[in-house]
1. For the range 131-148, what does the Karplus curve 6.51 cos²θ - 1.76 cosθ + 1.60, with θ = phi - 60°, yield as ³J(HN,Hα) per residue in whole Hz, taken in order and with x for Gly and Pro?
2. Over the range 148-243, what percent of the accessible surface lies on carbon and sulfur atoms, probe 1.4 Å?
3. How big is Rg to Rh over the range 81-231, alpha-carbon atoms, Rh as the Kirkwood inverse-mean-distance radius?
Amino acid sequence: AYEVVSLVWMELAMFGVAALVYFAFMGIPFMGPKKKNIPGMEHKPQKSAAQHTYRQWQQVKKGNGELPGGLYAVVTCMRELGKSSSQIELEFRTALGGEASEAILHEIEQLPAAMIRDDAIDVLPMVLRLLGDFCRPADEATYASLMAAQLRRRDYTGVAATASKLPSESLTPKMLAILATAAASRKELDEVLRNLSLLPIAEEGSRCALSASGAGQILMRASREQRTDEAKAELQRIGAQIKETNGMEGGQNMDVQRSRSEEHTSELQSPSI
C-alpha cells in the first residue's frame with residue numbers, strides 16, 4: 001500500500017512540474033469573454049478614410065474646398081470604394097461641367113504621369129479618352145508607356161486597343177515593337193510582320209526598338225507556323241538581336257544584327273514583305 005501511495009504522489013508531482021513549465025512558457029490563459037471576429041472590421045479604418053476623401057471630392061466638385069492628396073487620391077479612394085472605371089469617368093465628366101471645371105481638368109492632366117509611375121493603369125485608358133474629349137490629348141510618350149505597362153501585364157488586347165486610339169502615322173518605333181510582340185502572343189503572325197515592316201531599317205550604331213525577348217517570341221511563333229524565313233528577314237532588316245530557344249533549330253544562340261553592307265546584300269537577295 002505504501003508503494004502505491006508513493007507512486008501516486010510521484011505522478012502528481014510530475015504533473016505539477018509539467019503544469020508550471022507550461023504556464024512559464026505559454027502564460028496563464030485569459031478566461032474572460034472572447035472578442036467576436038466581425039468580418040470586414042479590419043478594413044473599416046481604410047474604408048472610412050476613403051469615404052472621407054470621397055466626401056471632400058463632392059465639395060470640390062461644387063467649387064468648395066481643396067483635396068490634400070490631389071485628384072490621384074480621389075481616384076484611389078473611389079477604387080477602394082468599389083467604383084468601376086465608367087463610374088469614375090461619370091464623376092469626372094460631372095465635375096467638368098461644374099464651377100471648378102478648369103482646375104479639375106488641370107488635375108486630370110497630371111494623372112497619367114502618376115498612374116504610370118505607380119503602375120496603376122487600370123483606369124488610365126479612361127483618363128486618356130477623357131483628356132482627348134476635352135482637347136487635352138496626352139503625348140505619344142504617355143501612350144507608349146501605357147502600352148508597355150499593358151504588355152508587362154500580358155494585356156495583349158489592351159495594347160492593340162490603346163494603339164487604335166492613335167493615327168497610324170503617330171505610332172513610334174517603340175509602339176510598333178510593342179504591337180508586334182503583343183501580336184505574337186495573340187498568335188497573329190500576319191499582324192506581327194505588318195508591324196515589323198513599318199519599323200525603320202537598322203543603321204550602324206543605332207539601337208533596335210524591338211527587345212531581344214520580343215524578337216525571340218516572334219521567331220518562335222513563326223517557327224510554329226513554318227514561316228521562319230519571313231520573320232528572320234524582317235528581324236535582320238531592323239537589326240534585332242534574338243536568342244533562340246529550344247524550339248528553334250537546336251537551341252543555338254543567333255545574333256541577327258548585321259553590318260549595313262551585309263544587310264544591303266540580303267535585301268537584294270530576299271523578296272520584300
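The values are calculated or read from the model by the stated rules, or taken from the named source; none is laboratory data. Remember, it's a predicted structure, so these values are computed and weren't measured experimentally. These accessible areas exclude ligands, DNA and RNA; they are computed on the full protein's heavy atoms, side chains included. Shrake-Rupley method; radii C 1.70, N 1.55, O 1.52, S 1.80 Å.
1. For the range 131-148, the Karplus curve yields 4, x, 5, 9, 6, 10, x, 6, 7, 5, 4, 5, 5, 5, 5, 5, 5, 5 Hz.
2. Numbers: 2230 of 4900 Å².
Heavy-atom surface of the range 148-243 belonging to carbon and sulfur, 1.4 Å probe: 45 percent.
3. Using only Cα positions, Rg/Rh for the range 81-231 is 1.06.
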